[in-house]
């Protein structure tokens, strides 16, 4: 099984992140988290994971941009209900992207819904390609490295903790804290209903 993960894991990671970035609702970020956890266990190399994830994010967003640029407006104008919405939405979106497009493209990489649609919107609003590419690359690299290293080091720390007896103690404390939190919420709800 480890051989399959090592052989096909990076390709699957690239495919999922590419598709998500291009606009398909697939779990690209979840794949990055899973791959980073596998790297923390020594099954993959974290450097390779980050390079693959960043490349897939940049290439996928670029594909999404061109899809939005070439077909986004035609798709929005195809149905009367969408066309009336597009007539109101597109001029405002174009003004917004003219002023804040770079920041939006960068930040969209970190927000689940926008990660899927951000590149399409940038293309449909005809944001300058080179500006889009620069901000897209910055966002893709930051997202891949930030998420990858964070999960990698948290996975290693959790593995170290669970490898010792501290894991049992922390698990018991976590369960006790969760039960205590539910108890407090229940008491607060009873108090609110009584008032």
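Any read-out appearing in this document is the output of simple, stated calculations on the displayed coordinates, not a laboratory observation. A quick note: this is a predicted structure, and the numbers were derived from the prediction, not measured. Backbone-built Cβ (ideal geometry, glycine too); neighbour counts: all protein chains shown.
Quick notes on this structure:
- Modelled spin labels at residue 175 and residue 153, positioned 7 Å past Cα toward Cβ, are 3.1 nm from each other.
- Cα centroid separation, the range 127-144 to the range 61-112 (Å): 16
- Percentage relative contact order, the chain, counting C-alpha pairs under 8 Å, at least six apart: 26
- Under a Gaussian network description of the chain, with springs only between Cα atoms under 10 Å, the residue in 48, 84, 36 that fluctuates furthest is 84.
- Given R0 = 30 Å, the distance between the Cβ atoms of residue 160 and residue 186 translates into a calculated FRET efficiency of 0.25.
- Sum of -39500 (n - 2.57) over DSSP H runs of 4+, divided by residues of the chain (222 nm, nearest 500): -30000 deg cm²/dmol
- Between helix 80-108 and the chain: long-axis angle, C-alpha atoms, 0 to 90°, nearest 10: 60
- In nm, spacing of pseudo-spin labels at residue 84 and residue 24 (7 Å Cα→C-beta vector): 3.4
- Rounded, prolate or oblate (a/c below 1.5 giving rounded, otherwise prolate when a/b exceeds b/c) for the range 28-110 by Cα gyration tensor: prolate
- With respect to the chain, whose longest principal axis is taken over its alpha-carbon atoms, helix 2-22 is tilted by about 40°.
- Taking 0.36 nm per residue of separation and subtracting the Cα-Cα distance, full extension of the segment from residue 94 to residue 12 would add 26.0 nm.
- Mean Cβ neighbour count within 10 Å, used as a protection proxy, ranking 150-157, 16-23, 112-119 highest first: 16-23, 112-119, 150-157
- Highest-fluctuation residue, 120, 130, 143 considered, GNM on the chain with Cα pairs under 10 Å: 130
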